[in-house]
Amino acid sequence: MKRDLNEQMSNEEYSSERTPHERRGRGERGAKTFRRGRALAFYEKLLVKRDTLRQQLESPEFQSIQTVIAGELKATEAIMNDFKAAFELDEISHSGCEKKD
């Protein structure tokens, strides 16, 4: 019966068919790329927050709450490290996305 179905299909239809594996593989790469892009965008927001906290820490007008800002900075950097590990973003520090001190 399978042979009968194959014979009914023209060569064009048969060759243009993708296997379920090919369809799945294509979709997974797209979703993975999308998720990775969102993860990178969130990481960039964390970079901005970290830089803002560093500026506030050095600013004399925030001296009265310097210990709070230092705690937030430490927490933000810890979150960034955990986020990099969880989403396997190790190449970020090599790609120039993250500023080195």
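The values are calculated or read from the model by the stated rules, or taken from the named source; none is laboratory data. Just so you know, these numbers come straight off a predicted model, no measurement behind them. Cβ: placed from backbone, ideal geometry, glycine included. Neighbour counts: every protein chain shown. Accessible surface is based on the protein model in full, side chains and every heavy atom, while ligands, DNA and RNA are left aside. Shrake-Rupley method; radii C 1.70, N 1.55, O 1.52, S 1.80 Å.
Take the residues of region 46-90 that are open to solvent by 40 Å² or more (accessible area, probe 1.4 Å) and assigned to a loop (DSSP other than H, G, I, E, B): which is modelled with the lowest pLDDT?
Per the criteria, the residue is ASP90.
From (1) under 27 Å from the mean Cα position of the chain (by Cα); (2) surrounded by 10 or more Cβ atoms within 10 Å (Cβ to Cβ); (3) at pLDDT below 90; (4) not aliphatic (A, V, I, L, M), pick out the condition that doesn't hold for LYS100.
Only one criterion in (1) under 27 Å from the mean Cα position of the chain (by Cα); (2) surrounded by 10 or more Cβ atoms within 10 Å (Cβ to Cβ); (3) at pLDDT below 90; (4) not aliphatic (A, V, I, L, M) is unmet by LYS100, namely (2).
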